[in-house]
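Asks: One structure is given below, represented as C-alpha cells, and several questions about it will come after.
Bear in mind these aren't lab numbers, they're just calculated from the coordinates by the rules spelled out. Remember, it's a predicted structure, so these values are computed and weren't measured experimentally. Positions of Cβ are backbone-derived with ideal geometry, glycine not excepted, and every protein chain shown enters the neighbour counts.
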Amino acid sequence: MTIVLAKMTKLFASLFALLVASATVYAQAPAASTQAPGATQSGPSGGGAQSIEAKVAQCIGCHGIQGYQASFPEVYKVPMISGQSAKYIVAALNAYKTGDRKHPTMRSIGNILSEQEMGEIAAYYERQGAKPVDAAVPQPNAQVAALLQKAACASCHGANYSKPIDPTYPKIAGQHADYLFVALKSYKTENNPVLGRNNGVMGAISKQFSNAELKALANYIGSLDGELRTQPEDKFR
C-alpha cells in the first residue's frame, strides 16, 4: 500500500510540474505569435534558437511571483533566486536531476534541461542582480549564537551569510525562513520518495540539531538583510 501511495504521489507531482510549465508557456503565447516570420523556436532540448524568456517560462510560475507558496511535498514559500549565484543554481538543478535532492516538481523540470540551458537560466537569474544590503547585521540571541557557532554556517556561507566561499554554495541571508527550515530538515530525511537531500556535509551538520533548533537558525538567517529577491515578471506584477 505504501509503495502504491508513493507512486501515486510521484505521478501527481509530475503532472503538477507539467501543468505549471504548460501554464507559464501558454501565458507567453501572445508574444510568440508576434514573432517575425522565419524566426525559429524550439522546446527546451530543441536545436533552434530560443529566447531566454521562453526558457525561464517554466520557472516564473513559482519563482516570479512574490510570496508564492508551494504546497507539496511541504508547505513553504518557494526560494528567492534572483541575485543568487549562477553556479549554485546550476548545482541545485543538477542535484534535482540526479535525485540527490528529492522534489518531484523540480526533478521533472531538471530532467528536461540540458547543461547549457541550466547555465543560461542560472545566468539570467544571477544577472537580475543582488539588491543593496544593510551592512549592519543584527546580533542573534545567546541561544542562536551558540547554534550558529556549532553549525559553523559562516565558514561556508561567508560574511553575513551572503558571501559564500565557493560559488556553488548558496547565499542564504534573507532567504524565506520557512524554506530554509524545510531545506535544513530535508538533509536529515531518509527513505522518503518525495523529500530529502543527499549532501554529506549538510547532512552531518543538520543531524546535530533538533527541528526546533533548525527552525531557530532558519528564523534568524531569514530575518537578515540579504541580496536575494523575487523579481516579478511583467505578467505577475
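Asks: Quick one: grab the alpha carbon gyration tensor of segment 102-155, order the square roots of its eigenvalues as a ≥ b ≥ c, and give me rounded if a/c is under 1.5, else prolate or oblate depending on whether a/b is larger than b/c. Before the final figure, lay out the partial values.
Replies: Numbers: a/c = 3.72, a/b = 1.81, b/c = 2.05.
Oblate, because a/c is 1.5 or more while a/b does not exceed b/c.
Asks: Here's something else I'd like to know. Can you list residues from other chains, or at least 5 along the same chain, whose modelled amide H is less than 5 Å from the amide H of Ser82?
Replies: Arg229, Gln231
Asks: Any idea how far apart Glu115 and Ala204 come out in nm if each label point goes 7 Å out from Cα toward Cβ?
Replies: Using points 7 Å along Cα→Cβ, the separation is 2.8 nm.
Asks: Can I ask one more? If the chain between Ala146 and Thr168 were fully stretched, how many nm would it gain, using 0.36 nm times the residue separation less the Cα-Cα distance?
Replies: Result: 5.3 nm gained on full extension.
Asks: May I pose another question? Consider all pairwise Cα distances in segment 97-211 and report the whole-number % of them above 19 Å.
Replies: On the way: 3749 of 6555 pairs.
Distances greater than 19 Å cover 57 percent of the Cα pairs.
Asks: Post the alpha-carbon centroid distance, segment 99-156 to segment 192-217, in whole angstrom.
Replies: For segment 99-156 versus segment 192-217, the Cα centre distance is 15 Å.
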